[in-house]
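*Asks:* Below you'll find the structure I mean.
The values are calculated or read from the model by the stated rules, or taken from the named source; none is laboratory data. This one's a predicted model, so the numbers in the text were calculated from it and none came from an experiment. Note: ideal-geometry Cβ built from the backbone for every residue, glycine included; neighbour counts use all protein chains shown. With ligands, DNA and RNA removed, areas are computed over all heavy atoms of the protein, side chains included. Shrake-Rupley method; radii C 1.70, N 1.55, O 1.52, S 1.80 Å.
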Amino acid sequence: MTQPRKRHAAPYLFLAPYLIFLAVFGVAPAVYAVWVSFETPEAAFAGLANWTAVLADARLLPSVRNVGTYLGLWLPTMLVLVTGLSLLAHQRGGRLSAASRFAWYLPGAVTGAAAALLWLFMLSPGISPFSPLLRLAGVSSGTDLLSGQGLPVVLTVMATTVTAGGWIVVVYAALNTVPPEILEAARVDGATAWQVTRYIKLRHIRPQLSLMLISSFAYGTQIFVEPQVLRSAFTSQVSETWSVNQLAYFFATQRGNFGMAASLSLMLLGVGLLVAAIVIAKTDLYATGARKGAR
Amino acid sequence: MTALHASTATTAAPDTGSGRLPRRAGSVVGAVVMLVSAAAFVIPLLWLLLAPTHTRDRLTSGSSLTFGSFADLGRSWSNLMTFGDGLVLKWLANSLGYSMGAVVLSLLMVAPAGYALAMYDFPGRRLVLNATLVTMIIPQAALILPLYLEMVKLQLIDSIWSVVLPSAFFPFGVYLTYLYYNDNLPRSLVEAARLDGASEWRAFLSLGLPLGRQALGLTGFFCFVQAWNQYFLPFVMLSDDGRYNLQLGLQTLISSTGAVNPSYGATTLPIHQPEAALAALITVGPILVIFLVAQRYLRAGQIGGAVKG
């Protein structure tokens, strides 16, 4: 309380550069988006016109369905794969575990346009090292693969290889913090390996898995790059408004309607925050403290 | 770290005496699952490393997981350079410039901000922390169109700043650094420095910076990766393809040549599958190297649950 005046000013001076960026590139765009969503293209007040126009647009439902199908495939895949492989690697330990974790983590370096390009090759029979498997699955060309419901599957494979390894690192680290006394007590009580996994380990990594689902959901709903890049090679198979974000971009650039683009972006954001809130409420993410568990 | 050793010790001796044989079989199945999944994850990367060493014919006839020849690698390179007269190298320089610019700017603001949030109690501290958390959760893609409109107003569209400045805004780094200082720099140490007559700025320079090195290193790592992988942002902000970064350039390469879909986008340029693979390799190369270097830090689990996907 009796600090000299200089010390009062110090934290604000230290924070100043960051606060400017926070205002200009964090808060302002969000506020601006809300503002624009209530404006007509001629900058007059539009009321809810943009919001209703978006909801009435015939392209919205297909794009929501596309992204929904993709998330419906991707999120369970991540949950099963990351949980399973982390437990397996942790149970086993040793060199095979370390080498596998390294192998799972490396593809995280190949993202976005490069990942799209790489997986186009991986899924083209003839050129792909997985050709025999592709032939078994009855895929004879890239066109085959991307028509119909193939695209969500391709995107799921792509996103899983890119992000699973990083989350395995996180979950594995969390498994290392299960208190040894508890494992010891379970062993003394005669718990089977399955019971230890089910009642101790799985419970312990719940915060990390929730965090994974929240951020994967948020990033998954925003998908843009991958379908956009796949489209540049397969224009007639991948629609230019395949994902919700592509549709928002379409409103902004093809229609010049920033109001509709902004309201769609905000709806998407709202869904992401809502789901985050639900997952946080349903799990003990804050109670246990995700970061404490990961040490 | 002590927990790590302790728990591997307990899991190394899981045998409870019953069911030796099923356990043995289970362990073999587990090893096979790990090996197969590891192979599935790594084979695409191996393919990417090897593909540019092949001719187009050899690559499409299935000999893709072998090393071709240096001569063919050289040919892939010179073919790739015919695209826009070495445009790929320009994109590489742009990507490096944008990413390093973003890292330097973000570290300049992250270090003092994280330090101040952890070392001082002041009105508005909670507000800043909450705003940081919220902007951290909002995917950047959601803000890109409003950012675009903002940049139009600021007349920065199609300039490098329209990409560098938003990439430098990295709330995740502020949060990470704040947590780190909170746990690792006792306030009493700063208090002692004050008693010795150090100014607030002096205390930050001689205590905060050196003791925060680890968190700042991680922030730099994540910020670089994030900036390098930017696609939507430059896609919206830039129209001159000489200013593109590699991610955006790669898409331009795919769409303007028949590199991926031979039945489409035919040009006279010799850009085919090996050249496209080489371009993709250039795009991911630097990140791959950074991942290799960062691997031992990540394995130690220092970043813990705070990692974003």
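*Asks:* All but one of (1) over 23 Å from A:Val271 (Cα atoms); (2) open to solvent by 10 Å² or more (accessible area, probe 1.4 Å); (3) at the interface with chain B (Cβ under 9 Å from one of its Cβ atoms); (4) at pLDDT below 85 hold for A:Leu183, so report the exception by its number.
*Replies:* Failing condition for A:Leu183: (4).
*Asks:* Any residue in segment A:214-222 that is in a loop (DSSP other than H, G, I, E, B), crowded, with 23+ Cβ neighbours inside 10 Å, at the interface with another protein chain (Cβ under 9 Å from one of its Cβ atoms) and under 18 Å from the mean Cα position of the chain (by Cα)?
*Replies:* Checked segment A:214-222: at least one residue is in a loop (DSSP other than H, G, I, E, B), crowded, with 23+ Cβ neighbours inside 10 Å, at the interface with another protein chain (Cβ under 9 Å from one of its Cβ atoms) and under 18 Å from the mean Cα position of the chain (by Cα).
*Asks:* Going through segment A:176-205 one residue at a time, which ones are assigned to a loop (DSSP other than H, G, I, E, B) and without any contact (Cβ under 8 Å) to a residue 24 or more places away in the chain?
*Replies:* A:Pro179, A:Asp189, A:Gly190, A:Ala191, A:Thr192
*Asks:* Right, another one. Determine if segment B:257-267 includes at least one residue that is at pLDDT below 90, open to solvent by 20 Å² or more (accessible area, probe 1.4 Å) and more than 11 Å from chain A (Cβ to nearest Cβ).
*Replies:* Checked against the condition, which is being at pLDDT below 90, open to solvent by 20 Å² or more (accessible area, probe 1.4 Å) and more than 11 Å from chain A (Cβ to nearest Cβ), segment B:257-267 yields at least one hit.
*Asks:* Does A:Gln208 satisfy the criteria of being within 11 Å of chain B (Cβ to nearest Cβ) and touching a residue at least 24 places away in the same chain (Cβ under 8 Å)?
*Replies:* Against the criterion (within 11 Å of chain B (Cβ to nearest Cβ) and touching a residue at least 24 places away in the same chain (Cβ under 8 Å)), A:Gln208 qualifies.
*Asks:* Would it be correct to say that B:Leu189 is in a helix (DSSP H, G or I), at pLDDT 85 or above and surrounded by fewer than 17 Cβ atoms within 10 Å (Cβ to Cβ)?
*Replies:* So B:Leu189 fits the description; yes.
*Asks:* Still on this model: Mind listing whichever residues of segment A:223-261 are among the β-branched types (Val, Ile, Thr) and either open to solvent by 10 Å² or more (accessible area, probe 1.4 Å) or at pLDDT 90 or above (or both)?
*Replies:* Passing the criteria: A:Ile223, A:Val225, A:Thr235, A:Thr241, A:Val244, A:Thr253.
*Asks:* Could you count how many residues in segment B:45-69 are at the interface with chain A (Cβ under 10 Å from one of its Cβ atoms), assigned to a helix (DSSP H, G or I), in contact with a Pro (Cβ under 7 Å, 6 or more places away or on another chain) and not charged (D, E, K, R)?
*Replies:* Here the count works out to 4.
*Asks:* OK, next. Can you find, within segment A:73-98, the residue that is nearest to the other protein chains (Cβ to nearest Cβ) among those that are open to solvent by less than 30 Å² (accessible area, probe 1.4 Å) and among the polar types (S, T, N, Q)?
*Replies:* Among them, the one singled out is A:Ser97.
*Asks:* Considering only segment A:117-138, state which residues are more than 7 Å from chain B (Cβ to nearest Cβ), of a type in the set (A, V, I, L, M, F, W, C) and not in a helix (DSSP H, G or I).
*Replies:* Once the filter is applied, which keeps residues that are more than 7 Å from chain B (Cβ to nearest Cβ), of a type in the set (A, V, I, L, M, F, W, C) and not in a helix (DSSP H, G or I), segment A:117-138 yields A:Leu123, A:Phe130, A:Ala137.
*Asks:* Here is a further query. Give the residues of segment A:141-164 that are open to solvent by 30 Å² or more (accessible area, probe 1.4 Å), among the polar types (S, T, N, Q) and more than 12 Å from every other protein chain (Cβ to nearest Cβ), sorted by residue number.
*Replies:* Once the filter is applied, which keeps residues that are open to solvent by 30 Å² or more (accessible area, probe 1.4 Å), among the polar types (S, T, N, Q) and more than 12 Å from every other protein chain (Cβ to nearest Cβ), segment A:141-164 yields A:Ser147, A:Gln149.
*Asks:* Okay, moving on. Go through segment B:128-158 and give me each residue that's crowded, with 18+ Cβ neighbours inside 10 Å and not in a helix (DSSP H, G or I).
*Replies:* Listed by number, the residues that qualify are B:Ile138, B:Pro139.
*Asks:* All but one of (1) in contact (Cβ under 8 Å) with a residue 40 or more places away in the chain; (2) β-branched (Val, Ile, Thr); (3) open to solvent by less than 10 Å² (accessible area, probe 1.4 Å); (4) closer than 30 Å to A:Ala252 by Cβ hold for B:Val225; state the number of the condition that does not hold.
*Replies:* (3)
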